[in-house]
Amino acid sequence: MSLKIERPSPCRVVLTAEVPTPEVAGEREHVLQEVARKARIPGFRPGKAPRSLVERRFAEVIQDELKEHLLRRTWDDVQQQTAGNQRRRHHED
């Protein structure tokens, strides 16, 4: 993950994180499996609907969940990286 931290003013921080494509694809697969497991589609038992049908019917839900998962995961990574940087600066002083 690529992380860029900008401080346009003393009380404002702008974070820009870039998540690699393989990580996004893996997370999308995970989200798709979760949605497919819970999906209720007439004519199919829960969790047994064809993947392509689940992807079409729940495209917006999958997209929203994917964004939420990636944001949460990226935010955790950012906090760990910045905490590590703060500890190093503290030890240098």
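The values are calculated or read from the model by the stated rules, or taken from the named source; none is laboratory data. In this text the structure is predicted, and so the values were computed from the model without any measurement. Quick reminder, even Gly has a Cβ in these numbers, built from the backbone with ideal geometry, and neighbours come from all protein chains shown. Quick note on the areas: whole protein, heavy atoms, side chains included, nothing else; ligands and nucleic acids left out. Shrake-Rupley method; radii C 1.70, N 1.55, O 1.52, S 1.80 Å.
In a fully extended conformation the segment linking A59 and H30 would gain 9.0 nm over its present Cα-Cα distance, using 0.36 nm per residue. Overall, the accessible surface of the chain at a probe of 1.4 angstrom is composed of carbon and sulfur to the extent of 49 percent.
On full extension, the segment bounded by E68 and A83 gains 3.2 nm, given 0.36 nm per residue less the C-alpha separation. Counting only DSSP H runs of at least 4 residues, each contributing -39500 (n - 2.57), and dividing by the residue count of the chain, the helix-based mean residue ellipticity at 222 nm comes to -22000 deg cm²/dmol. Based on DSSP loop calls and a cut-off of at most 15 other Cβ atoms within 10 Å, the longest stretch of the chain free of exposed trypsin sites (Lys or Arg not before Pro) is what? Longest run free of exposed loop sites: 49-93. Relative contact order of the chain: 20 percent, from C-alpha pairs under 8 Å at least 6 residues apart in sequence.
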